[in-house]
Amino acid sequence: LKRFSFIGDGLSHVAFGAMAIASVLNITNNMLFILPVTVLCAILLLRTGQNTKIKGDAAIAMISVGALAIGYLLMNIFSTGPNLSGDVCSTLFGSTSILTITSEQVKLCGVLSVIVVVLFIMIFCVTFDETFAKATGMKTQIYNLIIAVITAVIIVLAMNLVGSLLISALIIFPALSAMRIFKTFFSVTVCSVIISVICAMAGIVMSILAGTPVGSTIVATDIAAFFISSIIGKAAGRI
């Protein structure tokens, strides 16, 4: 809704680069390194995107491609594992099975999910109409910063399951699908949450039954939901 779709893609590449550095430095709990670096880059992207000399899309391209290249380069130079291609593939495209997610990661996702929902409710006015919010005297820059930080946290948490290259699909597709059917902010928000949860559950079940990679299966389900929503939206428009 705020035209920040590619920030998810950019930050996911940053998270990959941070993960590579953490592997080279032999950091046991790499989440303690990846999360702060990704959040810092989210803030940097937001600030750089407001620069008249470097537009937002160019800033995202610079940081995302640079982080991806440097991360892969470091993993090759320092040989972070015996199966480098397998490690890179699982990081970029996610785990082949949801059973590889640890219980600590599940608990962390649950806690941060509640925090994200609460913060979204608090700052929804900035997403809905930033110009009006600014006119009423609200500090929209701080709220935009919170949005960027929330996005970074979500990306880092989901990277182990979906992979850094597919994360942006989980952020973009549900919202686009909801916008095909509904027009109001509240309806789009609620519908996108419902679509996201349904597609995630369906993708996980299908990946277990078919033995396919869970991340790719969830994204494929999101794509199918987008086309179904487009058909429903066109049919409703004709009616």
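Structure notes:
- Among the residues examined, ILE232 qualifies as at pLDDT 90 or above, over 13 Å from LEU170 (Cα atoms) and part of a helix (DSSP H, G or I).
- Scanning segment 110-130 for residues that are more than 13 Å from THR189 (Cβ to Cβ), modelled with pLDDT under 75 and open to solvent by less than 80 Å² (accessible area, probe 1.4 Å) gives VAL126, ASP129, GLU130.
This table checks each residue for (1) under 21 Å from the mean Cα position of the chain (by Cα); (2) of a type in the set (Lys, Arg); (3) under 20 Å from PHE120 (Cα atoms).
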position: ILE181; (1), (2), (3): no, no, no
position: VAL197; (1), (2), (3): yes, no, yes
position: PRO213; (1), (2), (3): yes, no, no
position: THR217; (1), (2), (3): yes, no, no
position: GLY233; (1), (2), (3): no, no, no
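- The condition of being within 27 Å of CYS41 (Cα to Cα), touching a Leu at 6+ places or on another chain (Cβ under 6 Å) and β-branched (Val, Ile, Thr) does not hold for ILE218.
- Checked against (1) modelled with pLDDT of 65 or more; (2) exposed (fewer than 14 other Cβ atoms within 10 Å of the Cβ); (3) within 20 Å of LEU166 (Cβ to Cβ), LEU32 passes all but condition (3).
- Condition met for LEU176 (under 20 Å from PHE120 (Cβ atoms) and either assigned to a helix (DSSP H, G or I) or modelled with pLDDT of 85 or more (or both)): yes
- Residues that are free of Cβ contacts under 8 Å to residues at least 60 places away in the same chain and either touching a strand residue (DSSP E or B) at 6+ places or on another chain (Cβ under 9 Å) or part of a helix (DSSP H, G or I) (or both) within segment 179-194 comprise MET179, ARG180, ILE181, PHE186, SER187, VAL190, CYS191, SER192, VAL193, ILE194, listed in sequence order.
The values are calculated or read from the model by the stated rules, or taken from the named source; none is laboratory data. The structure displayed is predicted, hence computed values, not measured ones. Don't worry about glycine lacking a Cβ; one is built from the backbone with ideal geometry, like all the others, and counts go over all protein chains shown. SASA here: full protein model, heavy atoms, side chains in, ligands and nucleic acids out. Shrake-Rupley method; radii C 1.70, N 1.55, O 1.52, S 1.80 Å.
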